[in-house]
Amino acid sequence: MEVDEKTELSKKIEALLAEGDAAIADARSYLISQGELVDLSEWVTVKEYCLRFGIKNVETVLNWISRGIVPKENIMVVEEFNNTKLIKAIPYSVRSAKVS
């Protein structure tokens, strides 16, 4: 990889990080303005939860939510952000099925 390519890649990465920081700041400002104080390191999207805990697909976590494995108090829906579900970023245990 040449120097020009590395410089261009670095600029793209910096721009993406800046966009992410801006989105987090907007979300934090909005939630505070609505009277919600949310620690965004504790509450993550389902996709981010999968990344943090090594879960292969989002449907697995959505299934846990619908089955009640994730308690209701650990789920938050932000209607103003397209009904985005936030989940408390803690490990949830799934009991394995008994085979007779």
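Using θ = phi - 60° and the Karplus relation 6.51 cos²θ - 1.76 cosθ + 1.60, list the HN-Hα couplings for the range 3-14 in order, rounded to whole Hz, with x at every Gly or Pro. Those phi angles translate into 4, 4, 5, 5, 4, 5, 5, 4, 5, 5, 5, 4 Hz. If you wrap the tightest convex hull around every Cα atom of the range 40-91 and split its volume per residue, you get 77 Å³. In sequence order, the range 56-72 has phi-based couplings of 6, 9, 5, 4, 4, 5, 4, 5, 4, 5, 5, 8, x, 5, 8, x, 4 Hz under the Karplus curve 6.51 cos²θ - 1.76 cosθ + 1.60, θ = phi - 60°, and Gly or Pro positions carry x. Using amide H atoms built in the peptide plane, which far-off residues or other-chain residues are under 5 Å from A89 H to H? Under 5 Å from the amide H of A89: W43, V44. Residues in the range 18-24 carry Karplus couplings, in order, of 5, 4, x, 4, 5, 5, 5 Hz; the curve used is 6.51 cos²θ - 1.76 cosθ + 1.60 with θ = phi - 60°, and Gly or Pro positions show x.
The slack in the chain from L16 to F81, taken as 0.36 nm per residue of separation less the alpha-carbon distance, amounts to 21.4 nm.
Computed from the coordinates by the stated procedures, all read-outs in this text should not be read as laboratory data. This structure is a prediction, so every number in the text was calculated from the model and none was measured.
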